[in-house]
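Visitor: I have a structure I would like to understand better, so I am pasting it below and will then ask my questions one at a time.
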Amino acid sequence: MQPPIDQLAALRRHQDVFLAGIGQADPVTPVPWCGRWKVTDLVVHLARIHHWAAAQARRQPEVPLGRGPFDLAELYARCAAELRDTLAELDPDARAWTLLDDGKPRAEQTGTVRFWHRRQALETLVHAWDLRTATGRGYDPGPEDWIDCLDEVVTVMHPRQLRLGRIAPPDARVRFRPAETERVWELTGAAPQSPTVTVSGPALTLGLLAWGRTTASDPSLAVTGDPAHLAGVLASGLTP
């Protein structure tokens, strides 16, 4: 078994890659995987998310950053440092507001600061890939990070989509089989008698598939079962 990922170290690595990518990108470059966003929108989004997550970890209301315009590199560097410093300062097991407790009274919430170590590391991983790929560079820190990304989609993000009523339960049992491990991940919510579809391939591509950055027709993937069932489940949105 692989040792657990140092999520704070991973966060710093992904943030450094993202920050360097800002200086290499034209702010008006489209980011195709993010709707109509351009690089400017992506950078401001991730900066705001870091700022917001730091407040969530502290269990404090967020102080708005304002509407801009912003110096993109300065804004991102400032919000990235705020998040890192906040998470390093707080006890990982201290109570925090998290995505695990949506809709619960605050007295009943059980999330901890540790949640944000992983959530923000993986948020930054995906958006670092967005930024660098939009500018022709790509980003692949290794299969461990992408396996962790896939695991979070299956165990946290997709269940949250179901819990909040944003999507219907899948009409097929969808399984992900990364080439780098013998473990298989299966989405929750499908009825036991539902058809089974398995998609196999590199952890990188499966992570991107789960986040809507590629499709099951990617040549590095193999699908066992009805591709139409898989396409329908993926189209519903496994993540926000």
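The values are calculated or read from the model by the stated rules, or taken from the named source; none is laboratory data. Computed from a predicted model, the values in this text were never measured in an experiment. Reconstructed Cβ throughout: ideal geometry from the backbone, glycine too, with neighbour counts over all protein chains shown.
Visitor: Going by the structure shown, is D71 touching a helix residue (DSSP H, G or I) at 6+ places or on another chain (Cβ under 9 Å) and either surrounded by fewer than 20 Cβ atoms within 10 Å (Cβ to Cβ) or touching a residue at least 24 places away in the same chain (Cβ under 8 Å) (or both)?
Guide: On the way: touching a helix residue (DSSP H, G or I) at 6+ places or on another chain (Cβ under 9 Å): no; either surrounded by fewer than 20 Cβ atoms within 10 Å (Cβ to Cβ) or touching a residue at least 24 places away in the same chain (Cβ under 8 Å) (or both): yes.
Considered against the rule, which asks whether it is touching a helix residue (DSSP H, G or I) at 6+ places or on another chain (Cβ under 9 Å) and either surrounded by fewer than 20 Cβ atoms within 10 Å (Cβ to Cβ) or touching a residue at least 24 places away in the same chain (Cβ under 8 Å) (or both), D71 comes out as no.
Visitor: Is it the case, given these coordinates, that E182 is out of contact with any strand residue (DSSP E or B) (no Cβ under 6 Å at 6 or more places or on another chain) and surrounded by fewer than 18 Cβ atoms within 10 Å (Cβ to Cβ)?
Guide: Numbers: out of contact with any strand residue (DSSP E or B) (no Cβ under 6 Å at 6 or more places or on another chain): yes; surrounded by fewer than 18 Cβ atoms within 10 Å (Cβ to Cβ): yes.
Answer is yes for this residue.
Visitor: Being assigned to a loop (DSSP other than H, G, I, E, B) and either assigned by TED's automatic domain parsing to the domain that holds W129 or surrounded by 13 or more Cβ atoms within 10 Å (Cβ to Cβ) (or both) narrows it down to one of V28, V17, V43, so name that one.
Guide: Details: V17 fails: assigned to a loop (DSSP other than H, G, I, E, B); V43 fails: assigned to a loop (DSSP other than H, G, I, E, B).
Result: V28 is the single residue among V28, V17, V43 that is assigned to a loop (DSSP other than H, G, I, E, B) and either assigned by TED's automatic domain parsing to the domain that holds W129 or surrounded by 13 or more Cβ atoms within 10 Å (Cβ to Cβ) (or both).
Visitor: Kindly indicate the residue of region 59-77 that is among the acidic types (D, E) and assigned to a loop (DSSP other than H, G, I, E, B) and also modelled with the highest pLDDT among those meeting that condition.
Guide: D71
Results for (1) over 14 Å from L150 (Cβ atoms); (2) modelled with pLDDT of 95 or more; (3) touching a strand residue (DSSP E or B) at 6+ places or on another chain (Cβ under 6 Å), shown as yes or no for each residue.
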| position | (1), (2), (3) |
| --- | --- |
| P170 | yes, yes, no |
| V174 | no, yes, yes |
| L187 | no, yes, yes |
| P192 | yes, no, no |
| V197 | yes, yes, yes |
| L206 | no, yes, yes |
| A210 | no, yes, no |
| D218 | yes, yes, no |
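Visitor: Next question. Cβ-Cβ distance below 6 Å, separation of 6 or more or different chains: which pairs start in region 207-226 with a residue that is outside the structural domain of H127 (by TED's automatic domain parsing) and under 17 Å from P170 (Cβ atoms) and end on one that is crowded, with 16+ Cβ neighbours inside 10 Å and of a type in the set (G, A, S)?
Guide: Going by the 6 Å Cβ cut-off, the qualifying pairs are V223/A216.
Visitor: Within region 112-157, restricting attention to residues that are within 28 Å of R59 (Cβ to Cβ) and polar (S, T, N, Q), which residue is surrounded by the most Cβ atoms within 10 Å (Cβ to Cβ)?
Guide: Here the residue is Q120.
Visitor: A further question follows. Does R114 satisfy the criteria of being over 20 Å from P27 (Cα atoms), over 15 Å from the mean Cα position of the chain (by Cα), outside the structural domain of R177 (by TED's automatic domain parsing) and not in a loop (DSSP other than H, G, I, E, B)?
Guide: Judged against the criteria, R114 is a match.
Visitor: How many residues are of a type outside the set (G, A, S), surrounded by 14 or more Cβ atoms within 10 Å (Cβ to Cβ) and assigned to a loop (DSSP other than H, G, I, E, B) when one looks only at region 78-111?
Guide: Taking region 78-111 first, the residues of a type outside the set (G, A, S) are 78-79, 82-87, 89-93, 95, 97-102, 104-106, 108-110.
Now restrict to residues that are surrounded by 14 or more Cβ atoms within 10 Å (Cβ to Cβ): 78-79, 82-84, 86-87, 90, 92, 95, 97-101, 109.
Adding the requirement that they be assigned to a loop (DSSP other than H, G, I, E, B) leaves 90, 92, 97-98, 109.
Counting residues in region 78-111 that are of a type outside the set (G, A, S), surrounded by 14 or more Cβ atoms within 10 Å (Cβ to Cβ) and assigned to a loop (DSSP other than H, G, I, E, B) gives 5.
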